[in-house]
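Report on the structure given below.
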Amino acid sequence: MREIAEYSMNELRALQAYALRDTLSFTRVAFKFQTYGTKYIVGKHHRLICEALDKVYCGDIKRLIVNIAPRYGKTELISKKFVEYGFAHNPRCKWIHLSYSDDLVLDNSREIKETMESEFFRTLFPDSVPVSGSAKMWKTKAGGGFYAVSAAGQVTGFGAGQVESDLSEQDLPEDYFSTGSNFAGAIIIDDPLKPEDALSDVQRERVNQRFDSTIRSRVNSRNTPIIVVMQRLHEKDLCGHLIQAEPDEWSVLTLPCIEYDEDGTEHPLWEFKHTLEELHKLASVNPYIFETQYMQNPKPLEGLMYQEFRTYETLPTGAYRIKNYTDSADTGADFLCSICYAEFQHAIYVLDILYTNKPMEYTEPETARMLTRNAVQQATIESNNGGRGFARNVERNCRELGNLKTRVVTITQTANKQVRIFSHSAEVNNIVFFPKGWEHKWREFYQAVTGYRKEGRNAHDDAPDALTGIIEHRDTYQTTRISRT
């Protein structure tokens, strides 16, 4: 690889322009010439993070949350390269960098400072070179600065960003105002809570209160961005606290390690780091940690309606009927939940699930296809709020598919939904079996059921309601042996 000193003036100008284009371009250049002397391996999540950071730089996002698993490059991109990129554009940037660990932020600070002192950075961005200070706090010769401290440390006496009246053309790069941005630094909070402290109400609340009482006020302008990047650790961690308290203020980028297509097919977020097989193994070792830290889906450890569900690999022998229960969506925000199952005398084995908030143009024919595919004998559909018309259309679609076997019946559900769900929750846990791997096959349904609370607000109750309906409509004394087709 050619050294930076070997480049001609025209080549340096072109390289500088490329590096200043966006965060990802700068990262590629920095990796090549300074950070590791190698090519930056770009995953989909890197591009998504960089796109969000570019919106922060341009002023389109003022408050950003990024949730992603450990060791996926979040600190490198957000806490290091974005800082260097900001300094490259504006040497007067002022940053505050916080984490649960003094060691982490000081190590990051040293690496940023070393990169900005390197020949590569001095050659391309001479106005941004650090001139004084320690790893905890250092300054550039243009008056910018970087302050690194733990989330519990002292942050008074230093502010992030520039006071708006100080934003003038003096000492700024020629192209600074041509970018259309007044970006002048940010507060970056990287992993504010230790994983081992996540279950401590005292430790979580201390971090959340620290943000509210001190950290958020350390901006020099209302336009100074705040970025929180972390793996989710608890439903009431700092991200959960901010999303609940200020849902309209924060842009949230959530990057689970397993992604799902519309048809439910799984894909690893970054196969270079984890294959699907490796991710499934992690999930089997500790489902709670995997859901929280790798899937960014924290759930309460207490107050959940259901305990661990039972699973099966093959249907048992014996007489059974194939049935279906459908809770059609009451409103546009609700989910249709349709469950096909084999009903034995003493147990219920789930065969297939349709769980979606798509419109009736999709759900009516898709429900009919599922009933036909599973050779369902009787489908019970709740007729509340348009359910009767839905049932007629599903039955018509079944007949058009040549399915003369499925009998569609409707019921009107008048009992209190929450009371019904609570009353039958033990039976659901005790006698309902799901096929092995159901947490991957029907991801949204799994989340809706396993995260449902006994008390408090639940976003949706359609999945627990359909499970409850299965229990309420058991007909165990009239089973006949049926062969599945």
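Restricting attention to the range 47-66, does a residue exist that is touching an Asp or Glu at 6+ places or on another chain (Cβ under 6 Å) and open to solvent by less than 30 Å² (accessible area, probe 1.4 Å)? No. Pairing each residue of the range 86-99 that is farther than 8 Å from Phe146 by Cα with any residue that is polar (S, T, N, Q) and open to solvent by 10 Å² or more (accessible area, probe 1.4 Å), provided the two are 6+ apart or on different chains, yields C-beta distances under 7 Å for His89/Thr179; Arg92/Gln162; Leu98/Ser150; Ser99/Ser150.
Looking at Val131, Val149, just one residue is open to solvent by 60 Å² or more (accessible area, probe 1.4 Å), of a type in the set (Val, Ile, Thr) and at pLDDT 75 or above, and that residue is Val131.
Might you let me know whether the range 304-311 holds any residue that is over 15 Å from His440 (Cβ atoms), touching a helix residue (DSSP H, G or I) at 6+ places or on another chain (Cβ under 7 Å), open to solvent by less than 20 Å² (accessible area, probe 1.4 Å) and not acidic (Asp, Glu)? Within the range 304-311, one or more residues are over 15 Å from His440 (Cβ atoms), touching a helix residue (DSSP H, G or I) at 6+ places or on another chain (Cβ under 7 Å), open to solvent by less than 20 Å² (accessible area, probe 1.4 Å) and not acidic (Asp, Glu).
In this structure, Tyr349 qualifies as out of contact with any helix residue (DSSP H, G or I) (no Cβ under 9 Å at 6 or more places or on another chain), in contact (Cβ under 8 Å) with a residue 40 or more places away in the chain and closer than 27 Å to Gln447 by Cβ.
Among the candidates Thr314, Thr275, Thr326, the residue that is touching a strand residue (DSSP E or B) at 6+ places or on another chain (Cβ under 7 Å), surrounded by fewer than 18 Cβ atoms within 10 Å (Cβ to Cβ) and among the β-branched types (Val, Ile, Thr) is uniquely Thr275.
Meeting the requirement of 1 or more residues that are without any contact (Cβ under 8 Å) to a residue 24 or more places away in the chain and in contact with a helix residue (DSSP H, G or I) (Cβ under 9 Å, 6 or more places away or on another chain), the strands (runs of 3 or more DSSP E) wholly within the range 184-266 are 258-260. You will find that of Tyr349, Tyr325, the residue that is assigned to a strand (DSSP E or B) and touching a Gly at 6+ places or on another chain (Cβ under 8 Å) is Tyr325 and no other.
Of the residues making up the range 394-437, those that are open to solvent by less than 70 Å² (accessible area, probe 1.4 Å), assigned to a helix (DSSP H, G or I), at pLDDT 95 or above and not β-branched (Val, Ile, Thr) are Glu395, Asn397, Cys398.
Looking across the range 441-463, the residues that are touching a residue at least 60 places away in the same chain (Cβ under 8 Å) and either on the phi > 0 side of the Ramachandran plot or open to solvent by 30 Å² or more (accessible area, probe 1.4 Å) (or both) come down to Lys441, Glu444, Gln447, Arg453, Lys454, Glu455, Gly456, His460. Of all residues in the range 84-106, those being buried (at least 24 other Cβ atoms within 10 Å of the Cβ), hydrophobic (A, V, I, L, M, F, W, C) and assigned to a helix (DSSP H, G or I) number 2. Comparison of Lys139, Lys113 shows that the only residue that is open to solvent by 30 Å² or more (accessible area, probe 1.4 Å), modelled with pLDDT of 90 or more and part of a strand (DSSP E or B) is Lys139. Evaluation of Glu11 against the conditions (1) open to solvent by less than 10 Å² (accessible area, probe 1.4 Å); (2) more than 27 Å from His274 (Cβ to Cβ) shows that the sole unmet condition is (1).
The values are calculated or read from the model by the stated rules, or taken from the named source; none is laboratory data. Given the structure is predicted, the values throughout are model-derived calculations rather than measurements. Please note: Cβ atoms are built from the backbone with ideal geometry, for glycine as well, and neighbour counts cover all protein chains shown. Ligands, DNA and RNA are excluded from the accessible area calculation, which covers all protein heavy atoms including side chains. Shrake-Rupley method; radii C 1.70, N 1.55, O 1.52, S 1.80 Å.
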